[in-house]
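Single-structure report; data block below.
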Amino acid sequence: MQCRLARPETTVGIASNQLFLGLLAAFGVIVVAAFGVLLVYERRRFARMGKLAAWRRVRLAGIPIAAVTAAAVALPTRAVGGMEALAVLYGLLFTLAPALWLGGHWLAGRAGRPPLTARESLWLALTVPAFGIGAVLVAHWLQPIAWAIVRAAQAPP
């Protein structure tokens, strides 16, 4: 079974697929650049406060925190079958995952020198998911525009 975005049998279908994938790639580059701008802003902000080392430690600790959080949600969910797996997923996603994510960032912030306040650790913990949700919302709003561009490119002259 093959997954197709449009009609790849025709030249117009291939061109529209390439156009859509190009628009998708451009959006991805913009999102990565915006995330870079966010990180530069955060870095400057924490450097002014004299807490650059603690900021770096929390940002780097976010990688294993994300892995542990994902494993704590995915492994029990995969161990359960059927509709109960969905209940386990949502239960863990709304209870255990936030506790691990926020608690892990708080502990990493407290371990830094100088230690971050709970508010600063919470800021660092919430910016990544908030940015991700924002990117998804913007992509959702831009999708009709992208499809209109693809359809306009498909229209005969």
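Throughout, read-outs are computed from the coordinates displayed, never taken from laboratory work. Because the structure is predicted, anything quoted here is derived from the model rather than measured. All Cβ positions, even for glycine, are placed from backbone atoms using ideal geometry, and neighbour counts span all protein chains on display.
With a Förster radius of 25 Å applied to the beta-carbon distance between residue 68 and residue 122, the computed FRET efficiency rounds to 0.85.
Computed from the Cβ-Cβ distance with R0 of 30 Å, the FRET efficiency linking residue 52 to residue 139 stands at 0.40. This structure gives volume of the Cα convex hull per residue in Å³, computed directly, and of (i) 152; (ii) 104; (iii) 210 that value is listed as (i). Charge dipole (Cα centre; +1 on Lys/Arg Cβ, -1 on Asp/Glu Cβ; no other charges) of the chain amounts to roughly 760 debye.
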